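Here the structure is laid out as C-alpha cells; the discussion comes afterwards.
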Amino acid sequence: MGFIQSTFSLLIGTGAGIYIAQNYDVPNVKKIMWGLMGKAKELEDSYKKPTDGKNKEPELHLVGPMSTFSSEPGSTVPLQYMIQIRDFLADARATNIIVPDRTSKEAHLQFYHIYDRLSTVLQKDSVKLFLRIYQKYTDSLVCGFVITPQTLDLIIAQNALRCAKLVLEGKSPKLWGQRANPNYITSFGYFPLHQAAESFSVDMIKLLFRHGASANQRTSGDRIVEGLLPLHVAIENTCQHKYLEDNLLADQNYWKGNVEYIYKLVHLLCLPEMKIFLDTTRLLATHTDNVVDELSNYIKQGKLVPAAILLLAAQRQFRNLNGFDMIKDCIEDYMVTLAREGCGVESGKNTKAKKHLKEMKVHLINALLLVKIILKAGEALDGYIQTHSEASHEEVLGKVSAILQNHDVGPTGKEFCIEDLNCCPYDCGLPNGDTDLTEAAIGSPIPEAAAKKAVSKKPHDSHWYARDQFFPVWRSVLKSQFITNVIPHYAPKKELPQYTRDVNDHVPGSSQKKLIDERYSHIRLGMLERSYPIVTSHRKLRSNHQSRRLFGTAASTVVKMLKRV
C-alpha cells in the first residue's frame, strides 16, 4: 500500500502526459523559452541606461549553421555556450579521421544542384566567388559543423589551391567557424589525399600535409579498389604514363623478361615529362609508413615497373632506412623459397606451376639488377632529373647512358638512341588550338613536336596539361570501378570498345578472343600491371535453368551410350 501511495502521483502524471500528447498539439516549449529569453534580452537592452562602451558586451547574432537555434533569423539571444559547442564540434570534426562519410542524403542532393556553378568558380580559383556561393548555399556545402568531403574533393580535383587553403584553415569569418577535414573519407571510398595523388599536384599534397592529412589511410567500399594508399594511386597511375605504355607494351623484351627492358625503363623514367609523376611519388613516400614493405610486395608479385618508379623516386629515403640491403635480402630469401618449391614440382606434371616459378625467377633476377642500378647510380640520376627538366630527349638519353656507364651499371649492348623510343603525348591540345609541348619534346623525332615550342600559360592551367598529355585520366585507378566514365575526345579509338561493349557480348568466331586480348593488353601495364575488371555495364545474367539443361543433355548422352553397350 505504501508503494502505491508513493508512485500514485507519478502514474497519474505519466498517464495524463500520454493522453495529452496523443490528443493535443503540444507546443515546442524549448523554442518558446528561447524566444521568451530573446524578447527579455531585447526588453532589457531597450531600458538599459547608455554606457560609455567600455564594459558593453558584444551582441551575438546567430547566422549560418547556428541560426537553427534561434527563434527568428538574426535575433539576438544569449547563447554564448551554444557558440562554444559549435566551435568545439567544428574543431573536433575537422581534425579527426572520419569513416564512413556522414553527410546526409539531403546535403548530397543539394550539392549536386550547385555542382556546375561551383566547378566554374573553382576553375578560376576565386576565393571571393567561392565565399559568395558558400554564404548563399551553406546547407549544400556544410553538414555536421564541417565542410562536406565532396566539396573538398571537388576543390582538390580542380586544383584550386587558394580555395583549398581557405577551407582547410577556416579562419575567414564568412565561413562561420566551419572548415574542411583533410582526413574525411568521401562517399566513393577515398580520402582527399587520394584525389590529390591522382591529380599529381605536389602543391596540393603539401597543403594537405600541412593541415594534418594522413598518408596511411586506405580506400574502402564497393565503389573503389580497396586497400589503396595515396602512394599506390600515384604509382599505379604513373604506370599508365603514355611513354611507358607505348614503349614497353610493344617491346618483346618486356614480355619475355629480358634485362634490356630494365635499361629502357630507367631511361624512360628520366625523361622530363616524368618529373611531376616522380615528384608526387617521392613526396607521398616520405610520409608513408613501411614504404620498404610496399616495395618488397611489388617485387614479390613480379611488378617491376611500379617497383622501379618507387625505387627511383624515393631512393634517398631507402638509403636512410637501409632499405636497399633489406630489399636485397628479401629478394634472396624469396629466391630460396622458389627453389624449394621448384624441387617439389615433378617434371612433366604441374606445367603451369613450373612455368610460374620460372617466370618469377626471371623477375627476381631483373629485380636484383634494378636495385643494383638505383643503388649505385640513383643519386646521380635523381640529381640530373631535378636540374634538367627542360632538356631534350636526345640529350637526356645520352646523359643517362653516360651516368650508368660511369657507375659500372650500364648495358653491355648498344646504347639507346632517340629512334628506339616512341615518345608522343596525347593530342589533348589547349583551348586556343595549340599543343602544350615542353621544351623536352623539341628534341623528339616527332615532326609535330619539333615544329612547336612551349606555350606560355597560367600556372593553374599548366599543371593539368602537363598531366593530361601523358596520363589517361579515363583509366584512373580511383575510377576503375565506376559504372560510367567520361572519355575525352583525344582518347585512342582502340580503347573505346573496352568501355562501350561488354566482354560477354556475342562476337562470332575468333574475333571474341582477339577483342578480349586487345582489351587486357592495354591495361596490363597500367593499373600496377593488374587485370582490374572494368565495370562498364551490367553483365547479362544467365538463365536459372541453364545449368539444369546442361546437366540434362549430359545425362541423356550418357544413357544413350550405355544402351548401345
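The values are calculated or read from the model by the stated rules, or taken from the named source; none is laboratory data. If you're wondering where the values come from, they're calculated on a predicted model, not measured in any experiment. A quick note on method: Cβ atoms are made from the backbone with ideal geometry, for glycine too, and the neighbour counts reach across all protein chains shown. SASA here: full protein model, heavy atoms, side chains in, ligands and nucleic acids out. Shrake-Rupley method; radii C 1.70, N 1.55, O 1.52, S 1.80 Å.
Quick rundown of the values:
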{"read-out": "Cβ-derived FRET efficiency at R0 51 Å, V486 paired with K414, nearest 0.05", "value": "0.75"}
{"read-out": "Local net charge near I276, Cβ-Cβ under 12 Å (Lys/Arg +1, Asp/Glu -1)", "value": "-1"}
{"read-out": "In order through the range 157-165: 3J(HN,Hα) via Karplus (6.51 cos²θ - 1.76 cosθ + 1.60), integer Hz, x for Gly, Pro", "value": "4, 8, 6, 7, 5, 5, 5, 5, 5"}
{"read-out": "Per-residue SASA entry for H113, accessible area with 1.4 Å probe, Å² rounded to 10", "value": "150 Å²"}
{"read-out": "Nitroxide proxy distance, nm - points 7 Å out along Cα→Cβ at K479 and I20", "value": "6.0 nm"}
{"read-out": "Cα-based shape type of the range 246-371, given that a ≥ b ≥ c are square roots of the gyration tensor eigenvalues and the cut on a/c is 1.5", "value": "oblate"}
{"read-out": "Förster radius 25 Å - calculated FRET efficiency between M326 and K358, Cβ distance, rounded to 0.05", "value": "0.45"}
{"read-out": "Accessible-area composition of the range 125-245, carbon plus sulfur, in percent [1.4 Å probe]", "value": "47 percent"}
{"read-out": "Spacing of the two label points (7 Å from each Cα toward its C-beta) at T387 and Y112, in nm", "value": "5.3 nm"}
{"read-out": "Neighbourhood charge, 15 Å Cβ-Cβ cut-off, centred on A285 and excluding it, Lys, Arg +1 and Asp, Glu -1", "value": "-2"}
{"read-out": "Protection proxy ranking of 115-122, 153-160, 393-400, 233-240 - average other beta-carbon atoms within 10 Å, highest first", "value": "233-240, 153-160, 393-400, 115-122"}
{"read-out": "Packing-based order for 161-170, 208-217, using average beta carbon neighbours within 10 Å, highest first", "value": "161-170, 208-217"}
{"read-out": "Cβ charges +1 (Lys, Arg) and -1 (Asp, Glu), total dipole of the range 157-223, debye", "value": "280 debye"}
{"read-out": "Charge context of G189, other residues only, Cβ under 9 angstrom, K/R +1, D/E -1", "value": "-2"}
{"read-out": "For the range 125-282, size of Cβ-based charge dipole, Lys and Arg +1, Asp and Glu -1, in debye", "value": "820 debye"}
{"read-out": "Hypothetical label at A380: residues of the range 285-329 whose amide nitrogen lies under 18 Å (7 Å Cα-Cβ projection)", "value": "312-313, 315-316"}
{"read-out": "Virtual spin-label span in nm between D333 and K493, 7 Å along Cα→Cβ", "value": "5.3 nm"}
